[in-house]
Structure formats: structure tokens, C-alpha cells
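K.L.:
One structure, as C-alpha cells, below. Some questions next.
Each value in this text was obtained by applying a stated rule to the coordinates, not by laboratory testing. Every value quoted in this text rests on a predicted model; they were computed, and no experiment measured them. When we count neighbours, we look across all protein chains shown, and the Cβ atoms used for this are built from the backbone with ideal geometry, even at glycine.
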Amino acid sequence: MRGLALRAGEWLGAVAWLLGVRRRVALDGLRRAFPALSEAERRKIGHAAYRQLGRSFAEVLFPPPALELERAVRFEGWDLYEAALAQGHGVVCAVAHFGNFELLVRVAPGRGMKLSIIVRSLGDAFSRWLFQSRLRSGVRHLPDRGSSTDALAVLRRGEVLAIAIDQNMRPSRGIFVDFFGDKACTTPAAAVFALRAPRRRSVRSAAVFPTFSGASSFFSVRATEYQKSRCMAPFSLCAMGTAATEQ
């Protein structure tokens, strides 16, 4: 039954591609990322990405039973996480909409991770259902506005704070970085919270891990039905300019 649901999800993704649902946006991004590829090659990648997105959607809607999911999802690099957490300043996970992060969110609290995620307020029915399913798994949500004090408290309690860094920000709230040859405006929140979390000046920052449920990740998901990823070491941060004087 579940295998049928996953195949149906892939089919829905393929239909969305054929119907042109944001296909122009996807192809524009692929042209920027892979200018050397032919249009046919980029369309092949785009079609495969839509199929995978549909499959991920089905994985969220029809997950396996909790015990089966816990056995299927394996965390590689847990020792790096534990070593960082043992420093007592919390851990910041810089996350992105890559792969199926929801699988990690559902399993991590069962392994003792106290996880809070900064989220945008979304009013559609699916987002409300998704948020409620996260809360039932033990994950805490913080609003993307007015939650700085709570976010710092999460880190100072020695817990984990996840922040999405792949969403476009207004110039007044973000910083511009090079991204596939263009300037993209992203949030500095992951670095800011990590630098401000330690109470002692002798400690530079909380650990910041790039966290993707895919080819480059803090945690790894390994199962025949799920994507694979590998562990990455945390970033090193230092305050400069105004940020340094504010600490």
C-alpha cells in the first residue's frame, strides 16, 4: 500500500511538471545553476526533481509506523552533534528545502534531540496539518518575527535551533551572498544567534551545522526508500565589525 502511495506521489509530481506548475521558475533556476548543460539535460533534471518532490510529499502524508521509521532512518555523524552539544551552548542547524527534511524532524526527537524550528506563519490547510504533525513529534515552533529572546533561550538551554537559510529575504532583513554567479539575499540569523548564544566571552559561538536531508548533510538518512546524505563538520564563526562590538 505504501509503495503504491510513493509511486502515486511520483506520478503527481510528473503531472505537475507536464502541466507547467512553476516549471518556468524551475528551468530558470537550472539555467543559472548549470549554464553548460543543454536545455534537454536541464529539462530531464527538472522532471526528475518534480517526481522526487511528489515522492517526498507522499512520504510525509503516508509515513511508515513510528518504529519502522526509526529503524529506517540512520543518523551518521551523531557523534559530531553530541560533541558540539556537550559544549553547553546549543547547536544551530542551518537547514534548506532540500530532500525530505520532514523525515529527520519526525525521528530526531525520539533520539533525545530537543529541537525548535523558526518558521514562517502559513495559513493553508496542508501547512497547518504539517505543523501539527511536527508538534506531535515533540518539535517546537518559533515565529520568524519577535522570537529572538526565545531562540537564544533555546541555545542557552543547550538545545537545537533550526533556521531555514534558503528563503529570499528583503534587503533590509538579509545579507547578499554569491549563489551560482548571482547575488541572493539570505538570512544572517543562523550566524547571529550562534554568535550571541554563549554567555562567556571566552566562547566564540555555538556550533553551526549545515543540515540537509540529501547529498550534503549534518545527519544522514539511509534506506532504500529514502535519500542518502553524509555528515559535514560545523562552521567556524567569528564576530566582526558591529557584531563584535555588540557582544
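K.L.:
Within the set of other residues whose C-beta is less than 13 Å from the C-beta of L130, count the net charge using Lys and Arg as +1 and Asp and Glu as -1.
P.N.:
Taking every other residue near L130 into account, the sum is +2.
K.L.:
For the pair S127/R156, report the inter-label distance in nm, with labels modelled 7 Å from Cα in the Cβ direction.
P.N.:
Output for this residue pair reads 3.0 nm.
K.L.:
Another question about this same structure. Would you calculate the separation in nanometres between label points at L135 and V15, each defined as 7 Å from the Cα along the Cα-to-beta-carbon direction?
P.N.:
3.1 nm
K.L.:
Now for a different question. Treat each spin label as a single point 7 Å out from the Cα along the C-beta direction, and report the E70 to R199 distance in nm.
P.N.:
Label at E70, label at R199, 3.3 nm between them.
K.L.:
Moving on to the next point. State the Cα centre-to-centre distance between the stretch 131-162 and the stretch 1-76 in whole Å.
P.N.:
Cα centres, the stretch 131-162 to the stretch 1-76: 28 Å.
K.L.:
All other residues with a Cβ under 12 Å from the Cβ of P35 taken together, and with Lys, Arg as +1 and Asp, Glu as -1, what is their net charge?
P.N.:
Numbers: positive: R31, R32, R42; negative: D28, E39, E41, D182.
Once positives and negatives cancel, what remains is -1.
K.L.:
Ok, one more. Given a cut-off of 17 Å, what percent of all Cα-Cα pairs of the stretch 97-142 lie beyond it?
P.N.:
30 percent
K.L.:
Which value results when the Cα radius of gyration for the stretch 50-155 is divided by 2.2 N^0.38 Å?
P.N.:
Normalised Cα radius of gyration, the stretch 50-155: 1.14.
K.L.:
While we're on this one: GNM, the chain, Cα, under 10 Å: largest mean-square fluctuation among R199, R42, R22?
P.N.:
R22
K.L.:
Hey, can you grab everything whose amide H is under 5 Å from the amide H of V119? Only 5+ residues off in sequence or another chain; H modelled, so Pro and N-termini drop out.
P.N.:
L142, D144
K.L.:
Would you compute, for the Cα atoms of the chain, the largest minus smallest coordinate along each principal axis and list the three values in descending order, in whole Å?
P.N.:
55, 44, 34
K.L.:
Which number comes out as Rg/Rh for the stretch 2-62 once both Rg and the Kirkwood Rh are worked out on C-alpha atoms?
P.N.:
1.05
K.L.:
Still on this structure, I have one more. 222 nm [θ] for the chain, helices only, -39500 (n - 2.57) per DSSP H run of 4+, per residue, to 500? Provide the component values of the computation, followed by the final result.
P.N.:
Numbers: 10 runs with 109 residues, N = 247.
Dividing the helical sum by the residues of the chain leaves -13500 deg cm²/dmol.
K.L.:
Just add up the charged neighbours of P109: K/R +1, D/E -1, any other residue whose Cβ is under 13 Å from the Cβ of P109. Can you show the working numbers first?
P.N.:
On the way: positive: R106, R111, K114, R134, R136, R140; negative: E70, E102, E159.
Value of the local net charge: +3.
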